[in-house]
Amino acid sequence: MSGDGGAASSSSRAAVRLERIGGHMTELLELHAHKGPALQIVFVPGNPGVVAYYQEYLDALYDILEGGASVTAISHIAHVSRDWEDAGRLFSLQEQIDHKLEFVQQQLNQRPDVPLILVGHSIGAYIIMEILRRFPSQVQQVIGLYPFVTLNRNSQWQGFLRRVSETSALCTATSTLAGLVGRLPDAVSRGLVKVLLGRVWDPYAVDITCQHLLQSRVVHNFMYMGRTEFATLPLEPDWGFLREFQSRISFLFGTDDHWGPLSLLVNISKEIPQLKMVVEREGHLHTFSCTKAGSHCVASHTANIIISHIACAHL
(Lines give C-alpha, C1' and ligand atoms only; values in the text may rest on other atoms or scores of the structure.)
Protein backbone atom coordinates (compact mmCIF):
# COMPACT_ATOMS: atom_id res chain seq x y z
CA MET A 1 0.00 0.00 0.00
CA SER A 2 1.36 3.41 -0.87
CA GLY A 3 0.16 6.94 -1.29
CA ASP A 4 1.47 10.20 -2.65
CA GLY A 5 2.08 12.70 0.11
CA GLY A 6 2.89 15.57 -2.25
CA ALA A 7 5.90 17.83 -2.14
CA ALA A 8 8.08 17.75 0.93
CA SER A 9 7.95 21.53 1.17
CA SER A 10 7.30 24.51 -1.05
CA SER A 11 11.00 24.83 -1.84
CA SER A 12 12.05 21.17 -1.92
CA ARG A 13 11.91 19.06 -5.06
CA ALA A 14 11.68 15.90 -2.98
CA ALA A 15 8.36 14.08 -2.85
CA VAL A 16 6.86 12.55 0.26
CA ARG A 17 5.31 9.13 -0.10
CA LEU A 18 3.69 6.78 2.38
CA GLU A 19 4.37 3.07 2.09
CA ARG A 20 3.70 0.09 4.33
CA ILE A 21 7.05 -1.45 5.24
CA GLY A 22 7.25 -4.42 7.55
CA GLY A 23 3.61 -3.84 8.48
CA HIS A 24 4.14 -0.17 9.43
CA MET A 25 3.02 2.87 7.48
CA THR A 26 6.25 4.72 6.75
CA GLU A 27 7.05 8.16 5.43
CA LEU A 28 9.60 8.23 2.60
CA LEU A 29 11.22 11.26 1.05
CA GLU A 30 12.29 10.65 -2.55
CA LEU A 31 14.26 12.31 -5.34
CA HIS A 32 14.21 10.43 -8.63
CA ALA A 33 17.14 10.31 -11.04
CA HIS A 34 16.72 12.17 -14.32
CA LYS A 35 17.11 8.94 -16.28
CA GLY A 36 17.83 5.38 -15.23
CA PRO A 37 19.82 5.90 -12.01
CA ALA A 38 23.53 5.20 -11.96
CA LEU A 39 23.24 4.86 -8.18
CA GLN A 40 20.55 4.36 -5.60
CA ILE A 41 21.14 6.05 -2.24
CA VAL A 42 19.15 5.17 0.86
CA PHE A 43 19.40 7.63 3.74
CA VAL A 44 18.67 6.63 7.36
CA PRO A 45 18.12 9.51 9.81
CA GLY A 46 19.23 9.92 13.38
CA ASN A 47 16.91 10.04 16.37
CA PRO A 48 14.32 11.56 16.11
CA GLY A 49 13.87 9.89 12.73
CA VAL A 50 11.95 12.62 10.93
CA VAL A 51 13.07 12.72 7.29
CA ALA A 52 11.67 16.22 6.78
CA TYR A 53 14.65 17.62 8.69
CA TYR A 54 16.91 16.40 5.87
CA GLN A 55 15.11 17.96 2.88
CA GLU A 56 17.72 20.66 2.34
CA TYR A 57 20.60 18.19 2.69
CA LEU A 58 19.06 15.64 0.31
CA ASP A 59 18.25 18.29 -2.30
CA ALA A 60 21.84 19.54 -2.17
CA LEU A 61 23.28 16.01 -2.42
CA TYR A 62 21.04 15.25 -5.39
CA ASP A 63 22.12 18.45 -7.16
CA ILE A 64 25.83 17.87 -6.58
CA LEU A 65 25.47 14.37 -8.07
CA GLU A 66 23.70 16.06 -11.02
CA GLY A 67 20.55 14.00 -10.70
CA GLY A 68 22.38 10.78 -11.55
CA ALA A 69 21.31 9.03 -8.36
CA SER A 70 17.92 8.21 -6.95
CA VAL A 71 17.79 9.27 -3.31
CA THR A 72 15.34 7.90 -0.74
CA ALA A 73 15.17 8.79 2.95
CA ILE A 74 13.17 6.55 5.27
CA SER A 75 11.65 7.69 8.55
CA HIS A 76 11.70 5.70 11.78
CA ILE A 77 8.51 3.96 12.83
CA ALA A 78 6.18 6.20 14.89
CA HIS A 79 8.51 9.22 14.74
CA VAL A 80 6.36 11.38 12.47
CA SER A 81 2.86 12.75 12.80
CA ARG A 82 1.43 10.44 10.11
CA ASP A 83 2.24 7.24 12.03
CA TRP A 84 -1.24 7.17 13.56
CA GLU A 85 -1.58 3.39 13.09
CA ASP A 86 1.17 2.73 15.63
CA ALA A 87 -0.17 5.07 18.30
CA GLY A 88 0.62 3.74 21.76
CA ARG A 89 3.40 1.38 20.68
CA LEU A 90 7.07 1.89 21.45
CA PHE A 91 9.77 0.70 19.06
CA SER A 92 13.30 -0.29 20.04
CA LEU A 93 16.51 0.28 18.11
CA GLN A 94 16.43 -3.35 16.93
CA GLU A 95 12.89 -2.96 15.63
CA GLN A 96 13.95 0.15 13.73
CA ILE A 97 16.90 -1.79 12.27
CA ASP A 98 14.60 -4.62 11.18
CA HIS A 99 12.31 -2.04 9.57
CA LYS A 100 15.21 -0.63 7.51
CA LEU A 101 16.39 -4.11 6.57
CA GLU A 102 12.95 -4.84 5.16
CA PHE A 103 13.04 -1.64 3.11
CA VAL A 104 16.54 -2.25 1.76
CA GLN A 105 15.56 -5.78 0.77
CA GLN A 106 12.70 -4.26 -1.25
CA GLN A 107 15.09 -1.82 -2.92
CA LEU A 108 17.52 -4.62 -3.79
CA ASN A 109 14.70 -6.70 -5.27
CA GLN A 110 13.40 -3.81 -7.36
CA ARG A 111 16.78 -2.63 -8.67
CA PRO A 112 19.23 -5.52 -8.37
CA ASP A 113 21.62 -4.09 -11.00
CA VAL A 114 21.88 -0.55 -9.61
CA PRO A 115 24.68 -0.05 -7.03
CA LEU A 116 23.31 0.68 -3.55
CA ILE A 117 24.92 3.23 -1.24
CA LEU A 118 23.72 3.77 2.33
CA VAL A 119 24.11 7.05 4.20
CA GLY A 120 23.22 7.35 7.88
CA HIS A 121 23.27 10.21 10.36
CA SER A 122 24.07 9.68 14.06
CA ILE A 123 22.41 6.40 15.14
CA GLY A 124 21.57 5.98 11.46
CA ALA A 125 25.28 5.27 10.93
CA TYR A 126 24.99 2.30 13.30
CA ILE A 127 21.85 1.13 11.49
CA ILE A 128 23.44 1.21 8.03
CA MET A 129 26.41 -0.82 9.26
CA GLU A 130 23.95 -3.44 10.50
CA ILE A 131 22.42 -3.42 7.01
CA LEU A 132 25.88 -3.93 5.50
CA ARG A 133 26.36 -6.83 7.90
CA ARG A 134 23.14 -8.42 6.57
CA PHE A 135 23.74 -7.69 2.86
CA PRO A 136 27.55 -7.77 2.54
CA SER A 137 27.64 -8.60 -1.18
CA GLN A 138 24.97 -6.12 -2.25
CA VAL A 139 25.74 -2.87 -0.40
CA GLN A 140 28.50 -1.02 -2.25
CA GLN A 141 29.29 1.67 0.33
CA VAL A 142 28.13 3.03 3.70
CA ILE A 143 28.76 6.60 4.88
CA GLY A 144 28.25 7.54 8.52
CA LEU A 145 27.67 11.25 9.20
CA TYR A 146 28.53 12.43 12.74
CA PRO A 147 28.32 8.73 13.65
CA PHE A 148 26.85 7.52 16.92
CA VAL A 149 28.21 3.98 16.80
CA THR A 150 29.78 3.63 20.26
CA LEU A 151 28.99 5.04 23.68
CA ASN A 152 31.09 7.99 24.78
CA ARG A 153 32.09 7.34 28.37
CA ASN A 154 33.54 10.85 28.65
CA SER A 155 30.31 12.65 27.78
CA GLN A 156 28.41 13.96 30.80
CA TRP A 157 25.52 14.89 28.51
CA GLN A 158 25.19 11.29 27.27
CA GLY A 159 25.22 10.10 30.87
CA PHE A 160 22.45 12.55 31.74
CA LEU A 161 20.32 11.55 28.73
CA ARG A 162 20.79 7.90 29.55
CA ARG A 163 19.53 8.41 33.09
CA VAL A 164 16.52 10.35 31.83
CA SER A 165 15.66 7.74 29.20
CA GLU A 166 15.84 4.95 31.79
CA THR A 167 13.48 6.75 34.19
CA SER A 168 9.87 6.09 33.19
CA ALA A 169 8.50 9.03 35.17
CA LEU A 170 10.84 11.50 33.46
CA CYS A 171 10.04 10.09 30.01
CA THR A 172 6.32 10.38 30.71
CA ALA A 173 6.69 13.92 32.05
CA THR A 174 8.77 15.03 29.04
CA SER A 175 6.42 13.52 26.47
CA THR A 176 3.37 14.90 28.27
CA LEU A 177 4.89 18.39 28.35
CA ALA A 178 5.62 18.21 24.61
CA GLY A 179 2.02 17.19 23.98
CA LEU A 180 0.70 20.08 26.06
CA VAL A 181 2.88 22.57 24.17
CA GLY A 182 1.55 21.08 20.93
CA ARG A 183 -2.03 21.85 22.01
CA LEU A 184 -1.31 25.54 22.50
CA PRO A 185 -2.22 27.99 19.73
CA ASP A 186 0.21 27.65 16.83
CA ALA A 187 1.76 31.07 17.36
CA VAL A 188 2.45 30.30 21.02
CA SER A 189 3.89 26.82 20.51
CA ARG A 190 6.05 28.01 17.61
CA GLY A 191 7.23 30.94 19.70
CA LEU A 192 8.34 28.62 22.50
CA VAL A 193 10.19 26.31 20.10
CA LYS A 194 11.81 29.31 18.41
CA VAL A 195 13.05 30.63 21.75
CA LEU A 196 14.64 27.24 22.50
CA LEU A 197 16.04 26.45 19.04
CA GLY A 198 15.73 29.50 16.80
CA ARG A 199 19.16 30.90 17.63
CA VAL A 200 20.92 27.81 16.27
CA TRP A 201 18.35 26.35 13.83
CA ASP A 202 16.92 27.84 10.66
CA PRO A 203 13.16 28.60 10.54
CA TYR A 204 12.32 25.52 8.46
CA ALA A 205 13.70 23.24 11.19
CA VAL A 206 11.63 25.07 13.81
CA ASP A 207 8.54 24.52 11.64
CA ILE A 208 9.29 20.80 11.24
CA THR A 209 9.72 20.47 15.00
CA CYS A 210 6.33 22.06 15.60
CA GLN A 211 4.69 19.88 12.96
CA HIS A 212 6.06 16.51 14.05
CA LEU A 213 7.53 16.52 17.54
CA LEU A 214 5.00 18.32 19.71
CA GLN A 215 3.08 15.10 20.30
CA SER A 216 3.46 13.02 23.42
CA ARG A 217 3.47 9.62 21.65
CA VAL A 218 6.17 10.73 19.20
CA VAL A 219 8.42 12.09 21.96
CA HIS A 220 7.87 8.97 24.06
CA ASN A 221 8.88 6.85 21.08
CA PHE A 222 12.13 8.60 20.27
CA MET A 223 13.05 8.65 23.97
CA TYR A 224 12.39 4.91 24.17
CA MET A 225 14.51 4.33 21.09
CA GLY A 226 17.26 6.35 22.77
CA ARG A 227 16.98 4.16 25.86
CA THR A 228 17.54 1.04 23.74
CA GLU A 229 20.44 2.74 21.93
CA PHE A 230 22.24 3.25 25.24
CA ALA A 231 21.53 -0.39 26.15
CA THR A 232 22.76 -1.71 22.78
CA LEU A 233 25.74 0.29 21.61
CA PRO A 234 29.20 -0.91 22.69
CA LEU A 235 32.02 1.08 24.25
CA GLU A 236 34.36 -0.02 21.44
CA PRO A 237 33.64 -0.57 17.75
CA ASP A 238 33.45 -4.04 16.26
CA TRP A 239 37.05 -4.00 15.05
CA GLY A 240 36.76 -7.25 13.10
CA PHE A 241 33.76 -5.95 11.16
CA LEU A 242 35.41 -2.61 10.41
CA ARG A 243 38.58 -4.32 9.19
CA GLU A 244 36.64 -6.69 6.95
CA PHE A 245 34.67 -3.89 5.28
CA GLN A 246 37.11 -1.00 5.61
CA SER A 247 37.14 -0.36 1.85
CA ARG A 248 33.36 0.23 1.91
CA ILE A 249 32.96 2.25 5.13
CA SER A 250 33.50 6.00 5.45
CA PHE A 251 32.84 8.39 8.34
CA LEU A 252 32.39 12.15 8.52
CA PHE A 253 33.16 13.60 11.96
CA GLY A 254 32.46 17.01 13.45
CA THR A 255 35.00 19.00 15.42
CA ASP A 256 32.89 19.18 18.60
CA ASP A 257 30.41 16.30 18.69
CA HIS A 258 29.96 14.14 21.78
CA TRP A 259 27.91 11.57 19.80
CA GLY A 260 30.77 10.93 17.38
CA PRO A 261 33.80 12.35 19.19
CA LEU A 262 37.17 12.88 17.58
CA SER A 263 38.57 10.41 20.10
CA LEU A 264 36.68 7.71 18.18
CA LEU A 265 38.34 8.87 14.97
CA VAL A 266 41.74 8.65 16.66
CA ASN A 267 41.04 5.12 17.91
CA ILE A 268 39.89 3.95 14.49
CA SER A 269 42.90 5.58 12.82
CA LYS A 270 45.23 3.64 15.09
CA GLU A 271 43.47 0.30 14.56
CA ILE A 272 42.48 0.64 10.89
CA PRO A 273 44.51 3.42 9.26
CA GLN A 274 43.13 2.70 5.78
CA LEU A 275 39.50 3.33 6.73
CA LYS A 276 38.38 6.60 5.11
CA MET A 277 37.48 9.33 7.60
CA VAL A 278 36.93 13.05 7.06
CA VAL A 279 36.60 15.87 9.59
CA GLU A 280 34.18 18.69 8.82
CA ARG A 281 36.12 21.80 9.88
CA GLU A 282 33.43 24.49 9.52
CA GLY A 283 32.06 23.81 12.99
CA HIS A 284 28.51 22.70 12.17
CA LEU A 285 26.50 21.04 14.91
CA HIS A 286 25.57 17.38 15.17
CA THR A 287 22.13 18.58 14.01
CA PHE A 288 23.69 19.79 10.75
CA SER A 289 20.49 19.30 8.75
CA CYS A 290 18.69 21.98 10.77
CA THR A 291 20.57 24.77 8.99
CA LYS A 292 20.99 25.37 5.26
CA ALA A 293 24.71 26.02 5.70
CA GLY A 294 25.23 22.73 7.54
CA SER A 295 23.09 20.82 5.06
CA HIS A 296 25.02 22.08 2.04
CA CYS A 297 28.40 21.57 3.69
CA VAL A 298 27.66 17.97 4.66
CA ALA A 299 26.07 17.25 1.27
CA SER A 300 29.30 18.38 -0.39
CA HIS A 301 31.36 16.10 1.86
CA THR A 302 28.99 13.18 1.21
CA ALA A 303 29.14 13.64 -2.55
CA ASN A 304 32.94 13.84 -2.48
CA ILE A 305 33.13 10.57 -0.56
CA ILE A 306 30.76 8.88 -3.03
CA ILE A 307 32.62 10.19 -6.07
CA SER A 308 35.98 9.18 -4.58
CA HIS A 309 34.69 5.68 -3.86
CA ILE A 310 33.38 5.29 -7.41
CA ALA A 311 36.68 6.50 -8.87
CA CYS A 312 38.65 4.02 -6.75
CA ALA A 313 36.31 1.19 -7.72
CA HIS A 314 37.06 1.84 -11.40
CA LEU A 315 40.85 1.92 -11.05
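The values are calculated or read from the model by the stated rules, or taken from the named source; none is laboratory data. Everything numeric here is computed off the predicted structure, so don't read it as measured data. All Cβ positions, even for glycine, are placed from backbone atoms using ideal geometry, and neighbour counts span all protein chains on display. Ligands, DNA and RNA are excluded from the accessible area calculation, which covers all protein heavy atoms including side chains. Shrake-Rupley method; radii C 1.70, N 1.55, O 1.52, S 1.80 Å.
What pairs come out if I take residues in the stretch 61-80 that are closer than 17 Å to VAL50 by Cβ and pair them with residues that are assigned to a loop (DSSP other than H, G, I, E, B) and aromatic (Phe, Trp, Tyr) whose C-beta lies under 8 Å away, six or more apart or interchain?
HIS76/PHE91; ILE77/PHE91; ALA78/PHE91
Residue by residue through the stretch 185-203, note down the ones that are free of Cβ contacts under 8 Å to residues at least 12 places away in the same chain and outside any helix (DSSP H, G or I).
Within the stretch 185-203, PRO185, GLY198, ARG199 qualify.
Helices (runs of 4 or more DSSP H) wholly in the stretch 204-281 with at least 2 residues that are farther than 23 Å from ILE97 by Cβ and open to solvent by less than 60 Å² (accessible area, probe 1.4 Å) - which ones?
Output list reads 262-271.
Quick one: ARG163 ticks every box in (1) within 21 Å of PHE253 (Cα to Cα); (2) open to solvent by 90 Å² or more (accessible area, probe 1.4 Å) bar one, so which box is it?
All conditions pass for ARG163, except number (1).
If I ask for residues that are β-branched (Val, Ile, Thr) and in contact (Cβ under 8 Å) with a residue 40 or more places away in the chain, which ones from the stretch 272-306 would you list?
Hits for the stretch 272-306 are THR287, THR291, VAL298, THR302, ILE305, ILE306.
Counting just the residues of the stretch 20-56 that are open to solvent by less than 30 Å² (accessible area, probe 1.4 Å) and polar (S, T, N, Q), which one comes out nearest to ALA303 (Cα to Cα)?
GLN40
Please report, ordered by residue number, the helices (runs of 4 or more DSSP H) entirely within the stretch 102-184 with at least 3 residues that are modelled with pLDDT under 95 and more than 18 Å from the chain's Cα centre (by Cα).
Hits in the stretch 102-184: 156-165, 168-182.
Of all residues in the stretch 185-227, count the ones that are β-branched (Val, Ile, Thr), over 20 Å from THR172 (Cα atoms) and under 18 Å from the mean Cα position of the chain (by Cα).
Final tally of qualifying residues: 2.
Is there a residue in the stretch 57-70 that is among the aliphatic types (A, V, I, L, M), part of a loop (DSSP other than H, G, I, E, B), surrounded by fewer than 24 Cβ atoms within 10 Å (Cβ to Cβ) and in contact with a helix residue (DSSP H, G or I) (Cβ under 9 Å, 6 or more places away or on another chain)?
Yes.
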